[in-house]
Amino acid sequence: MGIGSILVDRGVISDDQLNEAIQEQNRTGERLDHVLVRLGMVKSGDVLEAIGQQFAMPIVDLNSIDVKPEILRTLPAKLVFKQRCVPIERKNGTLRVATCDPFELTAFDELRLLTGLAIELVLADEQDIRKFIRAHYGVASDTLDAMSDSGPELDTAELDKSSQGEIEQAQEASVIKLVNELLLEAIRERATDVHIEPYEETLSIRYRVDGVLSQAGVPASVNRFRNAIISRLKIMANMNIAEKRKPQDGRITLRNRGKEYDLRVSVIPMLFGEGVVLRILNKESVLLDLDQLGMDHDLLVRWDDLIGRPHGIVLVTGPTGSGKSTTLYASLNRIVGDDVKAITVEDPVEYHVDGVNQIQVHADVGLTFATGLRAILRHDPDIIMIGEIRDKETAEAAVQASLTGHLVFSTLHTNDAAGAMTRMLDMGVEPFLVASSVEGVMAQRLVRRVCKDCSQPYVPQHNEIPPDFRATNDAVFMRGPGCRECRNTGYKGRLGIYELLTMTEQTREMVMNRTNASRIAEAAVNAGDLNLLRHAGFAKVREGKTTFAEVLRATKA
């Protein structure tokens, strides 16, 4: 009996879900259990139990096992990575090996021949095995070992003189495999960014997951191949490999398990080499609906009113990585139809939206936000989205577009909603133009969501509760102690917190008088027109969706 049938018999999935998963499996070539987990039909623990039943194998929790170093050395790293298995115990001539893939049982004959021991197989969760290998062997350590054994790397001084030498090294199969493994591991870990930072004696590689940076767990030997790694990334991003004195930007398209990822690459010369940051965008990800972003009902009603207006400027503000683009795309998706023409000018185009004409900025040929905006006005749009208002020229073009009967969406990098007004004034836009064109501003942040799989209620200590928190009787405080689903962080996924400032007569008058942002916000709060970001975050804490620590991290007092 196959895994799918076992899961159906257990009532975990339905026959229709199994058929859908089989169709997806035929399309992508993945294992059926991987497809079921990816589509969200089952949890990895359910699959593990089904595999255990199918093969009559015991299940172990690698998080609770302490393996001695001499046991780890019984299998070479190359074999551990190849077979996705780890040695955990040796007793009476038998080596106990944990695996997540028992389907190729003949492959484990290699273990018997290599070790001269009897092999007892046990099952472990795939994520736990990856985490175990990363902790004890390091990411791509088998590839690094093979590269180290093949001989010394090219001399750095010689590489600096000859870009041809760098190109040849970067095109070696081992280097290509190493870079691919680093990028695919980042995708598996749900990372949004990869940071590669050269120091005098080390090369640091970190992944940003749910907004927080953590070490990738790469062996120290990766430092020997820093030039090859960076050269390979520059080749993939179509950059000038010989240019090491000035910053460069590029893009990489990567395919994995039927999905396409767009990697935005930035290279900057630093003291001990070139630093690289890659932003990972899933080009085929399903665009979220506004209802899924975390907005409460009252705020969503007000936002729907704003984005349904015939003209004016609607702004979304926040720092880089706070979800501004996601909110704008979700808003466009909500209002675009056959009777509405929408055009965007973006740098870069992050996601493709059906029914929307999207333009990529090319500053090198003179296509900037401002020039693109002026050009698309001749294409009779109803709605215009500008990726970002960066300067006076773009701001004034947006204002003119809104005053001539267009609804304009855009973003600004400000800390709060009220700060958007003063930012536009600081750019040199006249106060009467800002007051008459801007209809509303939404500031937002992303906070990590308490893991649904391990969350549990708790009573916060007095020193955990911020002084400006307003307690209510219906508050339910939750936190996660950590589990395999959340990588033992207690958090998995993120949700938005928002403050929305709609323009009232009072606010327009204050903008006309160049009133500072804090006084505009204070007046809006007192009038009941503004709920600050921090208090929106506290509302999510009361609902048990996030924690005080997350809200304090994402907002300022």
Please go through segment 102-130 and give me each residue that is assigned to a helix (DSSP H, G or I) and of a type outside the set (D, E, K, R), ordered by number. Leu105, Thr106, Ala107, Phe108, Leu111, Leu113, Leu114, Thr115, Gln127, Ile129
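If you go through segment 461-506, how many residues are more than 19 Å from the chain's Cα centre (by Cα) and in contact (Cβ under 8 Å) with a residue 24 or more places away in the chain?
24
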Do you know which residues across segment 392-443 are closer than 21 Å to Ala330 by Cα and of a type in the set (D, E, K, R)? Asp416, Glu439
Given the residues Thr344, Thr317, which is the only one that is touching an Asp or Glu at 6+ places or on another chain (Cβ under 8 Å) and in contact (Cβ under 8 Å) with a residue 12 or more places away in the chain? Thr317
When restricted to Ile235, Ile205, the only residue within 20 Å of Gly138 (Cβ to Cβ) and aliphatic (A, V, I, L, M) is Ile205
Tally up the residues in segment 382-411 that are surrounded by fewer than 22 Cβ atoms within 10 Å (Cβ to Cβ) and part of a loop (DSSP other than H, G, I, E, B), please. 6
Going through segment 417-438 in order, the residues found to be buried (at least 22 other Cβ atoms within 10 Å of the Cβ) and over 16 Å from Arg309 (Cα atoms) are Ala417, Ala418, Gly419, Ala420, Met421, Met424, Val434
Can you name the residue in segment 78-103 that is modelled with pLDDT of 90 or more and among the charged types (D, E, K, R) and, of all such residues, is farthest from Arg31 (Cα to Cα)? Arg90
Matching residues in segment 9-31 - criterion: being within 20 Å of Ala56 (Cβ to Cβ) and surrounded by fewer than 17 Cβ atoms within 10 Å (Cβ to Cβ): Asp9, Arg10, Arg31
Contact list, first residue from segment 1-22 and within 19 Å of Gln53 (Cα to Cα), second anywhere and part of a loop (DSSP other than H, G, I, E, B) and open to solvent by less than 60 Å² (accessible area, probe 1.4 Å), beta-carbon distance below 8 Å, six or more apart or interchain, is Gly4/Ile13; Leu7/Ile13; Leu7/Val42; Val8/Ser14; Val12/Val42; Ile13/Met41; Ile13/Val42
Qualifying position, being open to solvent by less than 30 Å² (accessible area, probe 1.4 Å) and touching a strand residue (DSSP E or B) at 6+ places or on another chain (Cβ under 8 Å), among Thr555, Thr515: Thr555
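Matching residues to (1) open to solvent by 30 Å² or more (accessible area, probe 1.4 Å); (2) out of contact with any helix residue (DSSP H, G or I) (no Cβ under 8 Å at 6 or more places or on another chain); (3) of a type outside the set (Asp, Glu):
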position	(1), (2), (3)
Val218	yes, no, yes
Val222	no, no, yes
Phe225	no, no, yes
Ser231	no, no, yes
Ile241	no, no, yes
Lys259	yes, yes, yes
Pro269	yes, yes, yes
Ile280	no, no, yes
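I'd like to check which strands (runs of 3 or more DSSP E) are fully inside segment 295-381 and have at least 1 residues that are open to solvent by 10 Å² or more (accessible area, probe 1.4 Å), among the aliphatic types (A, V, I, L, M) and in contact with a helix residue (DSSP H, G or I) (Cβ under 6 Å, 6 or more places away or on another chain).
Ranges flagged: 356-360.
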Of the numbered conditions (1) open to solvent by less than 60 Å² (accessible area, probe 1.4 Å); (2) assigned to a loop (DSSP other than H, G, I, E, B); (3) among the aliphatic types (A, V, I, L, M), Leu288 fails exactly one; give the number of that condition. (1)
For segment 78-101, which positions are under 27 Å from Gly482 (Cα atoms) and either part of a strand (DSSP E or B) or open to solvent by less than 40 Å² (accessible area, probe 1.4 Å) (or both)? Val80, Cys85, Val86, Pro87, Ile88, Glu89, Arg96, Val97, Ala98, Thr99, Cys100
Name the residues in segment 47-77 that are surrounded by 14 or more Cβ atoms within 10 Å (Cβ to Cβ), of a type outside the set (A, V, I, L, M, F, W, C), more than 22 Å from Leu36 (Cα to Cα) and modelled with pLDDT under 85, would you? Asn63
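Could you say whether any residue in segment 104-113 is at pLDDT 85 or above and not charged (D, E, K, R)?
Within segment 104-113 (the criterion being at pLDDT 85 or above and not charged (D, E, K, R)), the answer is no, since none of the residues qualifies.
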Keeping to segment 412-427, report how many residues are of a type in the set (D, E, K, R), in a loop (DSSP other than H, G, I, E, B) and either touching a Phe, Trp or Tyr at 6+ places or on another chain (Cβ under 6 Å) or free of Cβ contacts under 8 Å to residues at least 60 places away in the same chain (or both). 0
Evaluate the following for Met478: is it farther than 30 Å from Ile129 by Cβ and not small (Gly, Ala, Ser)? no
Go through segment 364-392 and give me each residue that's without any contact (Cβ under 8 Å) to a residue 24 or more places away in the chain and farther than 24 Å from Thr326 by Cβ. Asp364, Val365, Gly366, Leu367, Thr371, Arg374, Ala375, Arg378
Taking helices (runs of 4 or more DSSP H) that do not extend beyond segment 471-557, which have at least 2 residues that are β-branched (Val, Ile, Thr) and in contact with a Cys (Cβ under 9 Å, 6 or more places away or on another chain)? none
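The values are calculated or read from the model by the stated rules, or taken from the named source; none is laboratory data. Predicted model only: the values in this text are computed from it and were never measured. Because the Cβ atoms are built from the backbone with ideal geometry, glycine has one as well, and the counts that use them run over all protein chains shown. We work out accessible area using only protein heavy atoms, side chains counted, and drop any ligands, DNA or RNA first. Shrake-Rupley method; radii C 1.70, N 1.55, O 1.52, S 1.80 Å.
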